[in-house]
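Novice: Sharing a structure here in structure tokens format.
The values are calculated or read from the model by the stated rules, or taken from the named source; none is laboratory data. Everything numeric in this text was worked out from a predicted model, so none of it was measured. In this analysis, Cβ positions are derived from the backbone assuming ideal geometry, glycine residues included, and neighbour counts consider all displayed protein chains. Just the protein is used for accessible areas: all its heavy atoms, side chains included, with ligands, DNA and RNA removed. Shrake-Rupley method; radii C 1.70, N 1.55, O 1.52, S 1.80 Å.
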Amino acid sequence: LPLPAPRCRLEFIGDSITDVGRNRNNPDSLGKGYVALIAKALADRDDSERYQLINRGISGNRILDIAERWHADCVSLEPDVVTLLIGINDTWHNVGDETVFATEAGAEQFEMHYRHLLASLRKKSDARLILMEPFVFPYPEDRKTWRVDLDPKQEIVKRLAEEFDAEWIGLDAYLNAIGAIDGYETLSNDGVHPTKKGHQLIADAWLKQFDQGGKK
């Protein structure tokens, strides 16, 4: 009998938007967010045997936290596809800190760490790389003031995607366009963490990119 084909490893790494309550004592736990919804969608089209999904999101993570665990939680797992969503905590946690919030130095630090992640992965792996843009909704009202810090980080992610031959998913414009019509509160209660509907939209965007981007 022929050996079964090795499963394609799909890794998702980031902060709470990826974590969503996964059991960190169980390496197969996918949480209750967009990663689990992607797994369900793949199973619904009978693709679940082809893929192994890995969730390595940790709530509260910033880019530096990802950098510190990048080898152990990503590179060493030898994933075939790496999806990274990080950046909103680098804005949120710095609100009120004039030394970094909305400063060139803060943006440069973010880019330095992000670049290091991508370079170290590219050195060891030819994994397909999907970068998802960090996003924020203008609800509650004070979230609008975050734009001055987050927008440059979004530009950095997009630029690095091009530089490192990675795919890019522009979540911010996509989600905000839907929120403007359906109500931002239907997608997030705090401007950051998606509702179930918000997670479904992220899963839909990822699946579309995964299917189309793989046909290059």
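Novice: Can we say residue 108 is over 17 Å from the mean Cα position of the chain (by Cα), open to solvent by 60 Å² or more (accessible area, probe 1.4 Å) and under 18 Å from residue 166 (Cα atoms)?
Specialist: no
Novice: Further question on the same structure: Looking at segment 171-192, I want the residues that are over 18 Å from residue 151 (Cβ atoms) and outside any helix (DSSP H, G or I) and have a partner that is open to solvent by 20 Å² or more (accessible area, probe 1.4 Å) and among the charged types (D, E, K, R) with Cβ atoms under 8 Å, at least 6 apart or on another chain. Which pairs are those?
Specialist: So the pair list comes out as 187/197.
Novice: Further question: So which of 78, 68 is open to solvent by 10 Å² or more (accessible area, probe 1.4 Å) and either within 27 Å of residue 177 (Cβ to Cβ) or out of contact with any strand residue (DSSP E or B) (no Cβ under 9 Å at 6 or more places or on another chain) (or both)?
Specialist: 68 is the lone residue from the list that is open to solvent by 10 Å² or more (accessible area, probe 1.4 Å) and either within 27 Å of residue 177 (Cβ to Cβ) or out of contact with any strand residue (DSSP E or B) (no Cβ under 9 Å at 6 or more places or on another chain) (or both).
Novice: Regarding residue 190, is this residue open to solvent by 50 Å² or more (accessible area, probe 1.4 Å), more than 26 Å from residue 120 (Cα to Cα) and of a type outside the set (Val, Ile, Thr)?
Specialist: So residue 190 does not fit the description; no.
Novice: Return a yes/no flag: does segment 81-104 have any residue that is in contact (Cβ under 8 Å) with a residue 12 or more places away in the chain, crowded, with 21+ Cβ neighbours inside 10 Å, part of a loop (DSSP other than H, G, I, E, B) and over 13 Å from the mean Cα position of the chain (by Cα).
Specialist: no
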